[in-house]
Each structure stands twice: as structure tokens, then as C-alpha cells.
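Let me begin by presenting the structure, written as C-alpha cells, before commenting on it.
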Amino acid sequence: MSTSAHSPAEPSAPVAGQARTGGTVTDHLVEANVHYAAEFSDPGMDAKPVLRVAVVACMDARLDLHKALGLALGDCHTIRNAGGVVTDDVIRSLTISQRALGTSSVILIHHTNCGMESITEEFRQELEAEVGQRPVWAVEAYSDADQDVRQSMQRVRTSPFLLHNDDVRGFVFDVTSGLLREILPTS
């Protein structure tokens, strides 16, 4: 049984003049890009998102953010990481998104059945024991997605680097129904 929505299809015949490359997943993806590029036309956009929104979400492969939110190419900036948590690097990306590229709204999306709920901060100690060096980053594991969304909203709202912190909303995406459930911030 596959855990993917689909199994990787056998790539189509090579483009004229090109030999089929190896059989790794990356090779197949690069070959798919060749087919994509053959029909690609420059959409004439710049890096500023049309809707002036940045979406921070978990990297989970089950979340098709553009479809789930009705977004088109160029509508938003998408920032993804394990858990969708607001880390220093997310603040960095949001700061650039707002200050250099004009976004003013932030949407935070965690989801049900997240892998971050099944690990702990001890993951860092396990890595240290295995490789001899402790990561400088925090795992940011959590057991309550709602509370972690609230924490992430608070981190965005209190960052001195962000120009816009009044339109920050958080949600939990249900991986079985596809629906978003809004999480209200603590008072």
C-alpha cells in the first residue's frame, strides 16, 4: 500500500535529443521538469504576491495549500517547515516578505495528525549521541496543535522586525476532511 496520493508514474519517453537519465526520484522529477518547461511561458509576474499574504504551513505532503486555499500562481508567499512553527528562519522570511515584497497578512496553518506530535525535544539528544554534535536548532515538537498555533501567532505579533502584525490568523487543517478550523489567539 502506498502512503502517497499516487505512485510515481513511469516517466514518458525522453525529449528528442535527450537520453533518459537514471532511475532515482530526483531524476524522474528533473525529467518531469523538462516536459513542464517545454510548455512553460513566462507569466510576467514579479516576486510580490498579488494578494499580499504570506502563508506559513507544515511541510507535510498531504497539504496542497494552493488547492486548499483556492490560490493561484503568484497569489502568496509560502513558507513551509516541519510543523509549520514560527522559528527564527520563518521570522526572517516573513520580514523579507513584508519589508521587501509588500505582504501585510500572515496565515499560519498546522494540521491534524502531525508528525511533530510524535517526537519530542529528546530528538536533539538522540542526534547528538548518533553524530557527536547537538543541533543548534530546537525541534519545536508539540502535543497540542491549537496551542502551538497560538504560540506561533504570538511570535509573529510580537516580532520587532515585522511591519504588519494586525492581520495574523491561525488555523488547523484537518487531513481527513480538508477543512480549516480557525484558532483564536489567547486574550
For this session: Return the pairs, sorted by first residue and then second, in which the second residue is among the hydroxyl-bearing types (S, T, Y), the first residue lies in the range 132-160 and is on the phi > 0 side of the Ramachandran plot, the beta carbons are less than 7 Å apart, and the residues are 6+ apart or on different chains.
Result: E140/T87
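Any idea which of D166, D144 is over 18 Å from the mean Cα position of the chain (by Cα) and either basic (K, R) or at pLDDT below 95 (or both)?
Every option except D166 fails the conditions.
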Exercise. Picking from F161, F173, which residue would you name as being open to solvent by 80 Å² or more (accessible area, probe 1.4 Å) and either in contact with a Phe, Trp or Tyr (Cβ under 6 Å, 6 or more places away or on another chain) or of a type in the set (F, W, Y) (or both)?
Worked result: F161
Problem set entry | All positions within the range 31-56 that are open to solvent by 70 Å² or more (accessible area, probe 1.4 Å) and within 25 Å of F171 (Cβ to Cβ) | K48, V50, L51, R52
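Please tell me if V25 is over 14 Å from F173 (Cα atoms) and surrounded by 19 or more Cβ atoms within 10 Å (Cβ to Cβ).
On the way: over 14 Å from F173 (Cα atoms): yes; surrounded by 19 or more Cβ atoms within 10 Å (Cβ to Cβ): no.
The answer is no for V25.
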Exercise. Counting residues that are within 23 Å of T186 (Cα to Cα), of a type outside the set (G, A, S) and open to solvent by less than 30 Å² (accessible area, probe 1.4 Å), which helices (runs of 4 or more DSSP H) fully inside the range 57-147 reach at least 2?
Worked result: 88-99
Exercise. Does the range 127-134 contain at least one residue that is at pLDDT 95 or above and either basic (K, R) or within 30 Å of M45 (Cβ to Cβ) (or both)?
Worked result: no
Exercise. Which one of these does D166 not meet: (1) buried (at least 18 other Cβ atoms within 10 Å of the Cβ); (2) under 16 Å from S104 (Cβ atoms)?
Worked result: (1)
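The values are calculated or read from the model by the stated rules, or taken from the named source; none is laboratory data. Quick caveat: nothing in here was measured; it's all calculated off a predicted structure. Glycine gets a Cβ as well: all are built from the backbone with ideal geometry, and neighbour counts include every protein chain shown. Surface accessibility is based on the protein's heavy atoms, side chains included, excluding ligands, DNA and RNA. Shrake-Rupley method; radii C 1.70, N 1.55, O 1.52, S 1.80 Å.
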